[in-house]
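> The structure that follows is given in the form of structure tokens.
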Amino acid sequence: MTELPPGQRERPDFPRFGLTPFAERFPASTDAPRLRVSGDVDTPLELDDAMAGLERVTQVSDFHCVTTWTRRGLEWSGVRFAEFFRRIVVPRVGPAQDATFVVLRAQDGARTSLPLEDLLADDVLLADRLDGAPLPIEHGAPLRLVAPRHYGYKNVKHLDRIEFWRSDAAYRPFGLRFMVHPRARVALEERGQWVPGWLLRRLYRPLIASTVARFERAMAQRRGQ
Ligand SMILES: Nc1nc2c(c(=O)[nH]1)N[C@H]1C(S)=C(S)[C@@H](COP(=O)(O)O)O[C@H]1N2
Ligand SMILES: [Mo]
């Protein structure tokens, strides 16, 4: 098996996870992968099914949370972001040539950004299935981004809006600025900004257990309703 990236430790399970404010938030609708595409574009578009007509692919990849846990060997199914971009976004939405700052927004209010170039990598998917079953709510139903070379916080669950912008000036990341890196590449340990990765490891690691418990509790409560 390949080595784990710097500072990561394997977990036997795949917990529901995120920044704590999102533990109690859930998507309003999970019946179809609806997606709105807008920004510095010719024609904003609302798709009822973001994957319609696109080639489906399956990919096995590891998932790395910035707090240092890694879950190996997840089997995702969906469409490549690059395929979605070239077959739907370019011809039907028409982003400006230099609109390469991409914002991804979720039904629970979560958001993130990535450079277009990173999203066009071969292993970046819009996924609606995990390990042979429809994506469960825990892991992002009805649609999530899968970008295995970027930390978990770039892998937006419950994805419902994608924006292509010329500038990052109007974008406000969620949470504290030092926790957000514009690219968050796992191999380079780009966990955050200004604070080195090895230090963030130590700050985050003690928070994993209580975060997992909080997300689990909220999910159990929702199931019980
Ligand atoms: N919509 C949404 N996407 C999100 C989050 C979230 O809270 N809400 N948390 C992020 C973080 S920090 C991680 S590690 C992964 C966790 O994915 P999982 O819950 O499928 O394990 O989702 C990411 N995407
Ligand atoms: Mo994370």
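The values are calculated or read from the model by the stated rules, or taken from the named source; none is laboratory data. Model, not experiment: these values are computed from the prediction. Methodologically, a virtual Cβ is constructed for each residue, glycine included, from the backbone with ideal geometry; neighbour enumeration extends over all protein chains shown.
> Do we have residue 56 as farther than 30 Å from residue 199 by Cβ and modelled with pLDDT of 95 or more here?
Judged against the criteria, residue 56 is a match.
> Pairs, please: C-beta under 6 Å, at least 6 apart or cross-chain, first residue over 19 Å from residue 31 (Cβ atoms) and in contact (Cβ under 8 Å) with a residue 60 or more places away in the chain and in the stretch 41-59, second of a type in the set (Gly, Ala, Ser) and assigned to a loop (DSSP other than H, G, I, E, B)?
These pairs meet every condition: 41/94.
> If I go through the stretch 46-96 residue by residue, how many of them are within 17 Å of the chain's Cα centre (by Cα), hydrophobic (A, V, I, L, M, F, W, C) and part of a loop (DSSP other than H, G, I, E, B)?
4
> Among the residues of the stretch 203-222, are any part of a loop (DSSP other than H, G, I, E, B) and over 28 Å from residue 92 (Cβ atoms)?
For the stretch 203-222, residues part of a loop (DSSP other than H, G, I, E, B) and over 28 Å from residue 92 (Cβ atoms): absent.
> Residues in the stretch 165-182 that are touching an Asp or Glu at 6+ places or on another chain (Cβ under 6 Å) and either surrounded by fewer than 16 Cβ atoms within 10 Å (Cβ to Cβ) or within 30 Å of residue 48 (Cα to Cα) (or both): how many?
Number of matching residues: 2.
> Turning to a different aspect of this structure: Would you mind finding the one in 124, 146 that is within 12 Å of ligand 1 (Cβ to nearest atom), in contact with a Phe, Trp or Tyr (Cβ under 7 Å, 6 or more places away or on another chain) and within 18 Å of residue 84 (Cα to Cα)?
Criteria check complete, one pass: 146.
> For the stretch 191-202, what are the residues that are in contact with a helix residue (DSSP H, G or I) (Cβ under 7 Å, 6 or more places away or on another chain) and of a type outside the set (A, V, I, L, M, F, W, C)?
Listed by number, the residues that qualify are 191, 192, 193.
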